[in-house]
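Structure record follows, encoded as structure tokens.
Read the figures in this text as sums done on the coordinates, not as results from a lab. Keep in mind it's a predicted model, so treat the numbers as computed, not measured. Note: ideal-geometry Cβ built from the backbone for every residue, glycine included; neighbour counts use all protein chains shown.
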Amino acid sequence: CIKKQRCTCILLFHNNPTCHLSCAFRSLVFCLVTALQNARERTLIAVKPDGVQRRLVGQIIQRFEQRGFKLVGLKMVQASHGILSEHYGELRTKPFFQSLLTYMSSGPVVVMVWEGHNVVQASRKMVGQTNPAEAPAGTIRGDFSVHVSRNVVHASDSQEGAQKEIQLWFPAKDLLDWDCCDQIYTIEV
Ligand SMILES: Nc1ncnc2c1ncn2[C@@H]1O[C@H](COP(=O)(O)OP(=O)(O)OP(=O)(O)O)[C@@H](O)[C@H]1O
Ligand SMILES: Nc1nc2c(ncn2[C@H]2C[C@H](O)[C@@H](COP(=O)(O)OP(=O)(O)O)O2)c(=O)[nH]1
Ligand SMILES: [Mg+2]
């Protein structure tokens, strides 16, 4: 007698009070689990070589922290063409693909995994359009960049993409599950 659709649980009442109670309990558990899963959504953010060279790492991290997201993985790496070709596999046929790899491997990148409610979509909005000329002021690209080939930061563009990119850049053991003491003040669980 429970119909589940995402977190919307509809109870269809009938005459058996025991079953009614157990249904209510199950739907409550389902809602809690769904809320926790949403809160654990993760995305991959990378400060590209131009962002590192221009000492923008701190300001970029600060934007994600102050929005209320939780940092669960962080490293600085000199990325190889191998990992970058996989990361940008969908752009393989684009005319700028080789120059993109050259630019992305030209210096260190700071790669991060951020966690939180709706983090994939929210971070795309915080980052702004691919072409900084179209990115509004207030977004990272809109505030810190002028040209599409030097747009400072990467953000996963879907939950599926985020999962693949996180697996590509981080072994699971390097991602930390930790309790944020302010979590109850940033989402409703
Ligand atoms: N026309 C272009 N000229 C130069 N570089 C480009 C161009 N279009 C895209 N790029 C580079 O390729 C990257 C990947 O392009 P994509 O279409 O995935 O944009 P994005 O998703 O906004 O960026 P990213 O994947 O790095 O977050 C861009 O971030 C940018 O660095
Ligand atoms: N040089 C050059 N680079 C480009 C062009 N289009 C995209 N890129 C680069 C910048 C992007 O951040 C990166 C990845 O492209 P994307 O995944 O389509 O965009 P985005 O996810 O970074 O917003 O590739 C492009 O037209 N020319
Ligand atoms: Mg992209």
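A compact table of results
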| quantity | calculated |
| --- | --- |
| Residue identified as within 9 Å of ligand 1 (Cβ to nearest atom), basic (K, R) and touching a helix residue (DSSP H, G or I) at 6+ places or on another chain (Cβ under 9 Å) among R141, R124 | R141 |
| Single match in K173, K125, K164 (criterion: closer than 20 Å to Q62 by Cβ, without any contact (Cβ under 8 Å) to a residue 24 or more places away in the chain, within 20 Å of the chain's Cα centre (by Cα) and not in a loop (DSSP other than H, G, I, E, B)) | K125 |
| Single unsatisfied condition, V52 versus (1) in contact (Cβ under 8 Å) with a residue 60 or more places away in the chain; (2) crowded, with 17+ Cβ neighbours inside 10 Å; (3) away from ligand 3 (no atom under 16 Å from the Cβ) | (1) |
| Flag for Q183 being within 14 Å of ligand 3 (Cβ to nearest atom) and either under 21 Å from Q62 (Cβ atoms) or surrounded by 15 or more Cβ atoms within 10 Å (Cβ to Cβ) (or both) | no |
| Total residues in region 75-97, condition aromatic (F, W, Y) and either in a loop (DSSP other than H, G, I, E, B) or away from ligand 2 (no atom under 11 Å from the Cβ) (or both) | 2 |
| Extreme residue, nearest to D50 (Cα to Cα), among residues of region 128-153 that are surrounded by 20 or more Cβ atoms within 10 Å (Cβ to Cβ) and touching a residue at least 24 places away in the same chain (Cβ under 8 Å) | V152 |
